[in-house]
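Asks: Have a look at this one before I ask anything.
The values are calculated or read from the model by the stated rules, or taken from the named source; none is laboratory data. The structure presented is a predicted model; accordingly, all values stated were derived computationally and were not measured. Every residue, glycine as well, gets a Cβ built from its backbone with ideal geometry; the counts of neighbours run over all protein chains shown. Please note that ligands, DNA and RNA were not included when accessible areas were found on the heavy atoms of the full protein model with its side chains. Shrake-Rupley method; radii C 1.70, N 1.55, O 1.52, S 1.80 Å.
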Amino acid sequence: MTNEPMTNVNWDLMMSEPIVAIVGRPNVGKSTLFNRLVGKRLAITDEVPGTTRDRLYAEADWGGVNFILVDTGGLELVSNDDLIAQVRAQAQTAIAEADVILFLVDVKDGLTAGDEEVARVLRRSAKPVLLAVNKGDSQVRREAAVEFYALGLGELYPISALHGTGTGDLLDQVVAAFPVEEEREELEAVKIAIVGRPNVGKSSLLNKILGQERAIVHEAPGTTRDAIDTQMEWEGEPVVLIDTAGIRRKGRIQRGVEKYSVLRALRAINRADVVLLLTDAVEGATAQDAHIAGYILEEAKSVVVVVNKWDLVEKDTYTMQAYVQHICTALRFLDYVPVLFVSALTGQRVDQVLPTALRVQEARLMRIPTAELNRIVQEAVARHAPPSKAGKRLRFYYATQAAVDPPTFVFFVNDPRLVHFSYERYLENRLREHYGFLGTPLRLSFRKRGKG
């Protein structure tokens, strides 16, 4: 088995969606603005300062342009409180990752020393900063917003996050500030992303796969920063490994900055065909692992869960089986997701990682012949009758596979409203019973069609 790297390149490729981070002092309305811009009540809003602690992210769009919006905890730059320091670290990470920063201030409070401190941090970021003056619910308040010109951040945008006033003009400027994407030719290769929380061993795993010190390994979270793409060949198959990694000079590593980061994982997941979700066997599955797993599911990406540091776990006959159940439950994955137990330190089972990922990619591109698909559906319906509602029974007329990557199936029925989620899951299980679709999500769509 040969796995010699062909070429190492650092393209600094970004996912297509730019990242917009909302930052500001506590309780200026960041979460309210976040909910307004994404059109959903995703962030918890409360009058108590500090309600938002972990960064929250969601996909948003304006004028046909998609982007990732990030809500952050309030910046209190002069406090030594441990929780506030963690919130500050998260917000600073969001600033570092963002393409555009929305700096939110509160016209009711007026210009404060805290606003001035945040403005100093933002000026050092060298990122486009848009100054939004919130709670401008009246003409008097909007006129009072002019005092924020003193921050020296250029034009300001009076808005009301609660009522939506002025947010359209603000979004026009956000989209206009996005960096121009350069056309880059993507390699014809299977793209495999290695993602996970800081310090779970991503760079160690990459190095062990490559058999050389491709990425710097360091025990302190924060060593790896940007995305590094490594082109290689595995048994004749071209592969690009996307490490959520890039190296910062040691003097620039900030303690705690990476503790809750998921933004780098978002960029890698978006570009990948298959995602290796790395977890820590000693710590078990955490809430942050679940955040990353949730995004993998939302993006319908294929996945292999890789449990690292397995050499450090005391084991008996049932340990591995129990751990698989724990992983699938905690990360909301189903039993179609393969779970590998490895040690990047000793090399235990690392040789199984890429072969498993490539099998998963084959499943992602699998196509079922139409006649075979309809035979499977007919057998499934005969085995378990479709549900009925108010005396009307669900009927299946025809099924076809509309796409691969991921496999997408369309079922033509008499009334899609009769399809209960449990029956949809039943059909998915029947498809997996015949074809497996290892590590790969399936999309099932139900459309109305008449008898004729």
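Asks: Mind listing just one residue for me: the one in the stretch 366-403 that is in a helix (DSSP H, G or I) and basic (Lys, Arg) and, of those, least open to solvent (accessible area, probe 1.4 Å)?
Replies: The selected residue is 375.
Asks: On to the next question. Of the residues that make up the stretch 409-432, is at least one part of a loop (DSSP other than H, G, I, E, B) and under 13 Å from residue 365 (Cα atoms)?
Replies: Within the stretch 409-432 (the criterion being part of a loop (DSSP other than H, G, I, E, B) and under 13 Å from residue 365 (Cα atoms)), the answer is no, since none of the residues qualifies.
Asks: Follow-up. Checking residue 335 against (1) without any contact (Cβ under 8 Å) to a residue 12 or more places away in the chain; (2) more than 24 Å from residue 430 (Cβ to Cβ), only one condition comes out false. Which one?
Replies: The single condition residue 335 does not satisfy is (2).
Asks: While we're looking at this one, here's another question. What strands (runs of 3 or more DSSP E) completely inside the stretch 1-78 contain at least 1 residues that are at pLDDT 50 or above?
Replies: Passing ranges, in order: 19-23, 56-62, 65-71.
Asks: So is residue 443 within 24 Å of the chain's Cα centre (by Cα) and either within 30 Å of residue 207 (Cβ to Cβ) or of a type outside the set (A, V, I, L, M) (or both) or not?
Replies: It is true that residue 443 is within 24 Å of the chain's Cα centre (by Cα) and either within 30 Å of residue 207 (Cβ to Cβ) or of a type outside the set (A, V, I, L, M) (or both).
Asks: Residues to consider are 314, 299; find the one that is charged (D, E, K, R), touching a helix residue (DSSP H, G or I) at 6+ places or on another chain (Cβ under 7 Å) and surrounded by fewer than 21 Cβ atoms within 10 Å (Cβ to Cβ).
Replies: Step by step, each of 314, 299 is checked, and only 299 is charged (D, E, K, R), touching a helix residue (DSSP H, G or I) at 6+ places or on another chain (Cβ under 7 Å) and surrounded by fewer than 21 Cβ atoms within 10 Å (Cβ to Cβ).
Asks: So for the stretch 352-365 (the condition being open to solvent by less than 50 Å² (accessible area, probe 1.4 Å), under 21 Å from residue 299 (Cβ atoms) and in contact with a Gly (Cβ under 7 Å, 6 or more places away or on another chain)), does at least one residue qualify?
Replies: There is at least one residue in the stretch 352-365 that is open to solvent by less than 50 Å² (accessible area, probe 1.4 Å), under 21 Å from residue 299 (Cβ atoms) and in contact with a Gly (Cβ under 7 Å, 6 or more places away or on another chain).
Asks: Still on this structure, please answer the following. Looking only at the stretch 324-348, which residues are out of contact with any helix residue (DSSP H, G or I) (no Cβ under 8 Å at 6 or more places or on another chain) and open to solvent by 30 Å² or more (accessible area, probe 1.4 Å)?
Replies: 324, 325, 326, 329
Asks: Say we look at the stretch 132-143 and pick out the residues that are buried (at least 16 other Cβ atoms within 10 Å of the Cβ) and in contact with a strand residue (DSSP E or B) (Cβ under 9 Å, 6 or more places away or on another chain); which of these is farthest from residue 167 (Cα to Cα)?
Replies: Restricting to residues being buried (at least 16 other Cβ atoms within 10 Å of the Cβ) and in contact with a strand residue (DSSP E or B) (Cβ under 9 Å, 6 or more places away or on another chain), the top hit is 141.
Asks: Does residue 437 satisfy being in a strand (DSSP E or B), in contact with a helix residue (DSSP H, G or I) (Cβ under 8 Å, 6 or more places away or on another chain) and not polar (S, T, N, Q)?
Replies: For residue 437, the condition - in a strand (DSSP E or B), in contact with a helix residue (DSSP H, G or I) (Cβ under 8 Å, 6 or more places away or on another chain) and not polar (S, T, N, Q) - is not met.
Asks: If you don't mind, another one. Residue pairs, Cβ under 9 Å, 6 or more apart or interchain, first in the stretch 350-361 and among the charged types (D, E, K, R), second not in a helix (DSSP H, G or I). List them.
Replies: 351/1; 351/3; 359/338; 359/438; 359/439
Asks: Right, next: Could you please find all residues in the stretch 144-172 being open to solvent by 20 Å² or more (accessible area, probe 1.4 Å) and under 13 Å from residue 106 (Cβ atoms)?
Replies: Matches in the stretch 144-172: 144, 147, 158, 162.
Asks: Take the residues of the stretch 266-289 that are open to solvent by 10 Å² or more (accessible area, probe 1.4 Å) and modelled with pLDDT under 85: which is nearest to residue 443 (Cα to Cα)?
Replies: Taking the candidates together, the pick is 270.
Asks: How many residues does the stretch 93-129 contain that are among the hydroxyl-bearing types (Ser, Thr, Tyr) and part of a helix (DSSP H, G or I)?
Replies: The number of residues fulfilling the criteria is 2.
Asks: Is there any pair with a first residue in the stretch 116-131 that is surrounded by fewer than 20 Cβ atoms within 10 Å (Cβ to Cβ) and a second that is among the polar types (S, T, N, Q) whose Cβ atoms are under 8 Å apart and which are 6 or more apart or on different chains, and what are they?
Replies: Hits for this filter: 121/92.
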